[in-house]
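Quick notes on the structure that follows.
What follows draws every value from the coordinates through simple rules; no lab data is involved. Keep in mind that what you see is a predicted model, and the values were worked out from it rather than measured. Positions of Cβ are backbone-derived with ideal geometry, glycine not excepted, and every protein chain shown enters the neighbour counts.
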Amino acid sequence: MQRGQTSAGQARTPRHPGGDLVRILVTGAAQGIGKAVTLRLAADGEDLVLFDRNEEGLASTVKEATDAGAGSVQTYVVDVREHDRLRELAERLDGEEPFDGLVNVAGVGLMSKFPELSLEQWQWTFDINVAAPFVLSQAIGVRMAARGRGRIVVMASIAGKGGSAELADYCASKAAAISLTQSLARALGPSGVTANAVCPGLVWTPMWEATGSWLAANQPAFASAGMSNHEAFLATVKASTPLQRPTRPEDIAATVRFLLSDDAELITGQAINVDGGIEVH
């Protein structure tokens, strides 16, 4: 699927009053949680606009989403750190056909011991995990508010509710993402727009593959046992999760689906843990 190309799916029946179809923008859609969210929405026949910098991954997602029943799928190869382009593209696309939902999934996290954490890595993490959701939520959320309806979801993390010696930038960025979501809820709520954060637990995604490799090499208990990255991941899950299983991307996607629905119209400003009980609030 090339830049800006659209794939047409099955004909759809309007579901909202007045005959409006549902059009949703998902970032980070080429892999992991973003892909799972995309496929869950596709199964409901939504019209989807997908952002990711991974063109090959986007093409795979488009094929699967179309096969799953998406109304249409439009893709853009975008680096969400390019904030001016991100805003321009979001505003242009919303002007062409309004978005009903925005799901900010694109995110990064690298393990670094605190004394070795660079300012460059800190800024890079915040550019992707905080600034990009802010830019998109402002660009599209204000337009949603003018229309009197909309749903915004920000992918945060349980890491945003506690610190980590090896993930200081990631934890701080996810705490900021939660606070941003709460501010969006207050700013846009009077106009009928909801904003919620989803806080995944331990999910085996490309980001956690790298994290697991770091743990396997740097944590003495894992290193001495000669664990692989996936074995280190599962050991972390077992030690920290009451339900004794990893969070799956599909678990997150189901929660996002609910938050985008009419059933969640009175839920806003929340940071919802989907983690098997690691964080209990």
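Annotations
- Net lengthening on full extension, S228/Q123 (0.36 nm per residue, minus Cα-Cα): 34.8 nm
- Rule-of-thumb Rg ratio for segment 142-231 [Cα; 2.2 N^0.38 Å; N residues]: 1.47
- Base-10 log of normalised Debye intensity for the chain (one unit scatterer per alpha-carbon) at q = 0.11, 0.12, 0.16 Å⁻¹: -0.61, -0.72, -1.27
- The percentage of C-alpha pairs in segment 195-281 whose separation is greater than 16 Å is 59%.
- Length-normalised contact order of segment 202-246 in % [C-alpha pairs under 8 Å, at least 6 apart]: 37
- Measuring how big segment 226-272 is from its alpha-carbon positions, Rg and Dmax come out at 15.3, 49 Å.
- Cα gyration tensor shape of segment 202-246, rounded if a/c is under 1.5, else prolate or oblate by comparing a/b with b/c: oblate
- Dipole in debye (nearest 20) - the chain, about Cα centre, beta carbon charges: Lys, Arg +1; Asp, Glu -1: 380
- Paramagnetic reach from K113 in segment 209-253 [backbone N under 17 Å; point 7 Å along Cα→Cβ]: 213-224
- Percent RCO, i.e. relative contact order, over the chain, from Cα pairs under 8 Å lying at least 6 residues apart: 18
- Proximal lysines relative to K174, as straight alpha-carbon distance under 22 Å, when same-chain residues fewer than 8 apart are discounted: K35, K113, K161
- Given +1 at the Cβ of Lys and Arg, -1 at the Cβ of Asp and Glu and no other charges, the dipole of segment 130-186 around its Cα centre is 460 debye to the nearest 20.
- Spin-label model, R81 to Q244: label points 7 Å out along the Cα-to-beta-carbon direction sit 4.3 nm apart.
- Gap separating the Cα centres of segment 209-231 and segment 145-178, nearest whole Å: 27
- Between segment 68-88 and segment 254-275, the alpha-carbon center distance in angstrom: 22
- Rounded to the nearest 500, the 222 nm mean residue ellipticity of the chain from helices alone is -14000 deg cm²/dmol, with -39,500 (n - 2.57) taken per DSSP H run of at least 4 residues.
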